[in-house]
Amino acid sequence: MAEDRRVLTGEHFLNGDHACAEGAMAAGCKFFGGYPITPSSEIAERMSERLPEVGGIYLQMEDELASMNAILGAAWGGWKSMTCTSGPGFSLMMENLGLGVVLETPCVLVNIQRGGPSTGLPTLVGQADMMQARWGSHGDYEIIALAPNSPQEMFDLTYKAFDLSERYRVPTLVMSDECVGHMSEKVVIPPAGKMPEVQRKYTTKKPGEYLPFDHPAGGVAPMVKAGDGYNIHVTGLTHDERGYPVINAEAQDVMVRHLIDKINKNRDDIIDVEEIDVEGADVIIVSYGISSRTCYRALDMAKEEGLKVGMFRLVTVWPFPEEQVRELAKRVKAFVVVELNFGQIYYEVERCACGNAATYLVPHAGGDIHDPADILAALKEAAK
Amino acid sequence: MPAATPKRDEVRFTGFGGQGMAVLGYILGRAAAVYDGKNATMTQSYGPEARGGASSSQVIICDGPVYYPYVIVPNVMVAMSQEGYTKFRENLTDDGKMLVDEDLVSLAPDEDLDRVYRIPATRFAEELGRKIVANIVMLGFLSALTDFVSDEAIRKAIADSVPRGTVDLNMKAYEKGRAHGQQVAGDRSTKAEA
């Protein structure tokens, strides 16, 4: 019965938030701890209905700090876990996101971005948390963030986020936005046989021999779960492979280097992009999430005007596809970055272009999406 | 990937929060996407109020993929509030259709009456016993006057979208609106022939 309800196979008409919840269910998420906030509440709402059907738990927490901690605890208890939020809630989750990073805890955090700063535009779209996703918690670390641009991708990429979070033992972010979250489209959910539950790797070592924070070359240690008899220590302090605090520069170097290397050395496995007509293009649009949907139209308009334009869509935003952008920069005249902010991913593109290609931004404060005509104007300018 | 322009229909629903404008868009989109095998994208906008504020939804129905997810120039607009009518009436294709609840919308003096189709949707719903199904009356009206989603698909989408125990009432509402639409369409063609 529970297995039947894990994957809702079939053709549905779902909004992005609901599709996200179904992606989590298919991945085998069993715990949701959260504090509902527009425009992410529909994810929480659906999880509250769906989790009991598979013997999971939905827990409404007192705030976002507690929500983030609850999902870390659930993960160490042996369950796949997630939370979702938006706007101020994302800020409140930042401290404990860092705890998740340093404890190398697999879990998924979904941000349905709205306009900010502060309370901002609760019901309207924004994409201005992209750098917060990368650098929002204090200290040095690498993170994984995916940016779906349709309800179908909300399903697909939430499922994928669980897989990546397990394989790299890192909290994984789904950086969506209000438009995609509230947009309804057809979502095809494959048969359960094609959507196996995402598996966690558990240790085969005996208690006493097991090192919870070991770092085999470029990889991560398997996990254990509370109650299995492994007496281990987990702490936010800088720690050694056993998890015991070691407060010195050498231990810091080993631990932080590991947190960064396990992502950086596996960039090829993690990074996913969509390329459209990139070969032979003079100008390349770089975009992600809802903005990329506007860009598809601008791309059409530009082609009608005879411009040689391609598109490089970030499906994975973090780690940033540095190598690809660096290579493209050697072949094209310019990049046009389209995002609902005043320059976040834009600066990443400019950095990786290394002066080989000009970088233009089509900024937008949020609350609405770009007018395709504004993108077209930037493409014309860039093609000159 | 953007290719040759496939057939794209755009509908805008506008009214008050609580009238079910989002549900209308959802049912039409679901009918097109799940039961007619087309691509459909439904989006909505609303304010922070639970009820009473302006509410609208949009549906794009396309033979190919829907890239840009919003209405550019709608070919059908449904107005169930004066505010919605006034705000969006300028933005409609030349041969577009304007469907209005005639008891809730007073037409502008310069309105092109040839494009306007009127129905007392809320009054019909009240006659059926529940004002809340006015949106489904309107859906029936739309179904009779347009051809981008099949009648059969819409009926299926209503059946699996409305709350349990209300399917019969909603079907009656749909049929009431559809019958009125067929009558209006019939009158128009008779008038055109004469």
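The table below gives the values:
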{"quantity": "Selected residue (only one of A:GLY181, A:GLY219 is surrounded by 16 or more Cβ atoms within 10 Å (Cβ to Cβ), within 14 Å of another protein chain (Cβ to nearest Cβ), under 25 Å from the mean Cα position of the chain (by Cα) and of a type in the set (Gly, Ala, Ser))", "calculated": "A:GLY181"}
{"quantity": "Residue, surrounded by the fewest Cβ atoms within 10 Å (Cβ to Cβ), within segment B:28-37, restricted to residues that are facing chain A (nearest Cβ under 9 Å) and not small (Gly, Ala, Ser)", "calculated": "B:VAL34"}
{"quantity": "Filter result for A:SER176 (in a helix (DSSP H, G or I) and among the hydroxyl-bearing types (Ser, Thr, Tyr))", "calculated": "no"}
{"quantity": "Filter result (within 10 Å of chain B (Cβ to nearest Cβ) and touching a His at 6+ places or on another chain (Cβ under 8 Å)) within segment A:272-294", "calculated": "A:THR294"}
{"quantity": "Candidates A:ILE71, A:ILE37, A:ILE57, A:ILE112 - the one that is hydrophobic (A, V, I, L, M, F, W, C) and surrounded by fewer than 17 Cβ atoms within 10 Å (Cβ to Cβ)", "calculated": "A:ILE57"}
{"quantity": "Out of A:MET311, A:MET301, sole residue that is within 12 Å of chain B (Cβ to nearest Cβ), in contact with a helix residue (DSSP H, G or I) (Cβ under 8 Å, 6 or more places away or on another chain) and part of a strand (DSSP E or B)", "calculated": "A:MET311"}
{"quantity": "Residue under evaluation A:ASP156, criteria (1) touching a residue at least 60 places away in the same chain (Cβ under 8 Å); (2) farther than 27 Å from A:GLY28 by Cα, criterion not met", "calculated": "(2)"}
{"quantity": "Given (1) part of a helix (DSSP H, G or I); (2) surrounded by fewer than 21 Cβ atoms within 10 Å (Cβ to Cβ); (3) not small (Gly, Ala, Ser), index of the condition A:LEU8 fails", "calculated": "(1)"}
{"quantity": "Qualifying position, being outside any helix (DSSP H, G or I) and of a type in the set (Val, Ile, Thr), among A:THR158, A:THR105", "calculated": "A:THR105"}
{"quantity": "Long-range neighbours under 6 Å by Cβ, at least six apart or interchain, first residue hydroxyl-bearing (Ser, Thr, Tyr) within segment A:43-54, second surrounded by fewer than 22 Cβ atoms within 10 Å (Cβ to Cβ)", "calculated": "A:SER48/A:TYR58"}
{"quantity": "First in segment A:130-145 and touching a residue at least 12 places away in the same chain (Cβ under 8 Å), second anywhere and buried (at least 20 other Cβ atoms within 10 Å of the Cβ) and hydroxyl-bearing (Ser, Thr, Tyr), Cβ under 6 Å, 6 or more apart", "calculated": "A:ILE144/A:THR172"}
{"quantity": "Lone qualifier among A:VAL325, A:VAL338 - being within 14 Å of another protein chain (Cβ to nearest Cβ), surrounded by 23 or more Cβ atoms within 10 Å (Cβ to Cβ) and without any contact (Cβ under 8 Å) to a residue 60 or more places away in the chain", "calculated": "A:VAL338"}
{"quantity": "Which listed residue, of A:TYR168, A:TYR202, is among the aromatic types (Phe, Trp, Tyr), away from every other protein chain (no Cβ under 14 Å) and either in contact (Cβ under 8 Å) with a residue 60 or more places away in the chain or crowded, with 24+ Cβ neighbours inside 10 Å (or both)", "calculated": "A:TYR168"}
{"quantity": "Unique residue being touching a Ser or Thr at 6+ places or on another chain (Cβ under 6 Å) and of a type in the set (Val, Ile, Thr) when the list is B:VAL100, B:VAL66", "calculated": "B:VAL66"}
{"quantity": "Residue check for B:GLY52: within 14 Å of chain A (Cβ to nearest Cβ) and at pLDDT below 95", "calculated": "no"}
{"quantity": "Residue identified as outside any loop (DSSP other than H, G, I, E, B), of a type in the set (A, V, I, L, M, F, W, C), closer than 13 Å to B:ARG8 by Cα and in contact (Cβ under 8 Å) with a residue 24 or more places away in the chain among B:ILE61, B:ILE27", "calculated": "B:ILE61"}
{"quantity": "Selected residue (criterion: farthest from the other protein chains (Cβ to nearest Cβ)) from residues of segment A:22-44 that are in contact with a strand residue (DSSP E or B) (Cβ under 9 Å, 6 or more places away or on another chain), more than 20 Å from A:ASP63 (Cα to Cα) and in a helix (DSSP H, G or I)", "calculated": "A:ALA27"}
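Yes or no, residue by residue, for (1) more than 25 Å from A:THR294 (Cα to Cα); (2) out of contact with any Pro (no Cβ under 7 Å at 6 or more places or on another chain):
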site: B:ARG8; (1), (2): no, yes
site: B:ASN39; (1), (2): no, no
site: B:TYR67; (1), (2): no, no
site: B:GLN82; (1), (2): yes, yes
site: B:GLY96; (1), (2): no, no
site: B:VAL105; (1), (2): yes, yes
site: B:ASP112; (1), (2): yes, yes
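The values are calculated or read from the model by the stated rules, or taken from the named source; none is laboratory data. A quick note: this is a predicted structure, and the numbers were derived from the prediction, not measured. Please note: Cβ atoms are built from the backbone with ideal geometry, for glycine as well, and neighbour counts cover all protein chains shown.
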